């Protein structure tokens, strides 16, 4: 093992990791640019590089981008990546209270712990975990999506209407149905637009619903946007981590790693499930949705926990854990390293330094985050009249850049206008986006499960894993439903009304 | 229009959408009939059912008879929206750089910002940043004139 560590600590290796990670943070921080896109773009460039260096560069980008998505989510309510949506729900309200520095600090520390933990798991248990992940079939995938969607009930805790939150979630799932039906190959609800053949991408929706709505509201404010400046002027570096945050980071790290190991599952679902569980166990539930650092800690450690987790099936079985891992697998293959047991025997001198380099990448973004965060927090001081046009221009660019499609810009604007109307009518936009992101995963799991079960829904209850997952889903649903109905019945009592 | 009636109209739209969505599954063919169609039916039934329940609640309990305002300052709100639509319309023809070079200062002026020097510096900085990162570093293809 020492010889692998020495490879990583060579100056050229350290410089490569540094370069990749910083680039990853920048890419993840820009809405519309994803880790998949960056890794995919750079894979051909690594062809002429030393294979180990090339893999370290791509690994750095992966780690950096996963963290980078949280920066605009916290500062501008614009998640850089879909995995940072849950971070935006808590991070942006903290920014509005002048606590952007603390939110960024919690985010980077949680990302570091989640990322490092998952890489440690990858290093120690990869082959063992890969075998377990193979037992996860379509039925279990469907149930995993249901676990994520259970978050809708929690979102309703904060708002007046549970029914409206559910309607918004279902609306998101219906929007996700648009496009090509995977089962028959025929087009559904595309209304003749060829741009909709691949469905509605969630990035324009995300930018429209989170970023653009925020800009429209800022532009239309009669009074100046008020931010608590006092907290911003404090020395952010010295602000301690909130008490009791450790358990939320630990929870997110574990959840993210486990979900990351499951083939096809992504950081977004990990972040939402971690966020949801964190909300359930929190002593300050009432602060969720209003700027609770515990939510940021769980979501960020959850999505970064996916980094190491997603590489477990990728490296050991050749089954990519998610789209970025698939792009990384391409890099392994073009360097003649076919994923499987050989990676840990024949190519151990490349694979282990790559895995160890991910620890360094985590350390690099921790350093970047802690040193740069206090300065980034000053974004809140930019006058809205300057912030609005700049963010709007980036929203247009971000919507376009993913698919090089002007149609996506129109979609973004449409989502912003329709989303603003729904928001004013107290529909939950978080539930809508949750449905939009998890809808395809739920549909894929459901339809494949129905085929395997020969049309019988019992397939979703048969396996021991499925039974355990149903119990977890019920545990996630019952407490918030109980507290919701208790809360609403209390509101209806004469005492409460007066 | 009051919030109550707009809410009712939106919910009614969801009910109609649910009915159309449910009926659309009749056109599903082959294996999709017993897989995707069930999934879509499930979504249609639930969103339709919940919308009907919410409609009933709103009809009998909702007392929000105040006007619904999407914005407190319509000239600025609509100004941004119109500029955004124009930006999207000309984006493909003029390219990002020319469109953004007009969009950013005009919107800043619409929103009441008067410091011209800051506006110019901000616009140039944004364009330079996009050029270096998107064009030079990441080779993203932006439409129109790209230097």
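The values are calculated or read from the model by the stated rules, or taken from the named source; none is laboratory data. Just so we're clear, the structure is a prediction, and the values are computed from it rather than from any experiment. Please note: Cβ atoms are built from the backbone with ideal geometry, for glycine as well, and neighbour counts cover all protein chains shown.
Counting only residues that are facing chain A (nearest Cβ under 7 Å) and either more than 27 Å from the chain's Cα centre (by Cα) or not in a helix (DSSP H, G or I) (or both), the range B:117-129 holds 1 of them.
For residue A:377, the criteria (1) touching a helix residue (DSSP H, G or I) at 6+ places or on another chain (Cβ under 7 Å); (2) more than 13 Å from residue A:216 (Cα to Cα); (3) at pLDDT 80 or above hold in every case but one, which is (3).
Exactly one residue out of A:397, A:366, A:370 is touching a helix residue (DSSP H, G or I) at 6+ places or on another chain (Cβ under 7 Å), in contact (Cβ under 8 Å) with a residue 40 or more places away in the chain and either within 13 Å of another protein chain (Cβ to nearest Cβ) or surrounded by 22 or more Cβ atoms within 10 Å (Cβ to Cβ) (or both): that is A:397. Just one of the listed residues (B:88, B:44, B:56) is modelled with pLDDT of 95 or more and on the phi < 0 side of the Ramachandran plot, and it is B:44.
Evaluated against (1) assigned to a helix (DSSP H, G or I); (2) modelled with pLDDT under 85; (3) within 14 Å of chain B (Cβ to nearest Cβ), residue A:479 falls short on exactly one condition, (3).
Against the list (1) part of a helix (DSSP H, G or I); (2) facing chain B (nearest Cβ under 7 Å), the condition residue A:455 fails is (1). The helices (runs of 4 or more DSSP H) falling completely within the range A:1-120 that include 1 or more residues that are on the phi < 0 side of the Ramachandran plot and crowded, with 24+ Cβ neighbours inside 10 Å map to A:11-28, A:35-42, A:51-68, A:70-76, A:85-96. Take residue A:387 and tell me if it is within 24 Å of residue B:108 (Cα to Cα), buried (at least 19 other Cβ atoms within 10 Å of the Cβ) and facing another protein chain (nearest Cβ under 8 Å). Taking the combined requirement at face value, the residue does not satisfy it.
Cβ-Cβ distances below 6 Å connect the following pairs, each with a first residue in the range A:211-223 that is more than 9 Å from chain B (Cβ to nearest Cβ) and within 27 Å of residue A:82 (Cβ to Cβ), a second residue that is in a helix (DSSP H, G or I) and modelled with pLDDT of 80 or more, and a separation of six or more residues or different chains: A:211/A:395; A:213/A:416; A:213/A:419; A:213/A:420. Candidates are the residues of the range A:425-443 that are at the interface with chain B (Cβ under 10 Å from one of its Cβ atoms) and part of a helix (DSSP H, G or I); the one that is nearest to residue A:161 (Cα to Cα) is A:435. Note on the range A:173-246: enclosed helices (runs of 4 or more DSSP H) holding 3 or more residues that are at pLDDT 85 or above and touching a helix residue (DSSP H, G or I) at 6+ places or on another chain (Cβ under 8 Å) are A:213-219.
Keeping to the range A:180-199, report how many residues are surrounded by 15 or more Cβ atoms within 10 Å (Cβ to Cβ), within 9 Å of chain B (Cβ to nearest Cβ) and more than 28 Å from the chain's Cα centre (by Cα). Step through it out loud before you land on a result.
From the range A:180-199, those surrounded by 15 or more Cβ atoms within 10 Å (Cβ to Cβ) are A:180-181, A:183-184, A:187-190, A:195-196, A:199; that's our starting set.
Checking which are within 9 Å of chain B (Cβ to nearest Cβ) leaves us with A:181, A:183-184, A:188-189.
Add one more test, that the residue is more than 28 Å from the chain's Cα centre (by Cα), and what stays is A:184.
Total satisfying the criteria: 1.
Of all residues in the range B:3-40, those satisfying the criterion of being under 22 Å from the mean Cα position of the chain (by Cα) and in contact (Cβ under 8 Å) with a residue 60 or more places away in the chain are B:3, B:6.
Among the residues of the range A:340-362, those that are in contact with a helix residue (DSSP H, G or I) (Cβ under 8 Å, 6 or more places away or on another chain) and modelled with pLDDT under 75 comprise A:340, A:341. Filtered by the rule that a residue be within 15 Å of residue B:24 (Cβ to Cβ) and more than 7 Å from every other protein chain (Cβ to nearest Cβ), the range A:160-179 gives A:175, A:178, A:179.
If you go through the range A:424-472 and pick out every residue that is out of contact with any helix residue (DSSP H, G or I) (no Cβ under 6 Å at 6 or more places or on another chain), surrounded by 16 or more Cβ atoms within 10 Å (Cβ to Cβ), in contact (Cβ under 8 Å) with a residue 24 or more places away in the chain and closer than 21 Å to residue B:38 by Cβ, you end up with 2.
Which one of these is free of Cβ contacts under 8 Å to residues at least 40 places away in the same chain and either assigned by TED's automatic domain parsing to the domain that holds residue B:7 or farther than 30 Å from residue A:184 by Cβ (or both): B:55, B:43?
B:43
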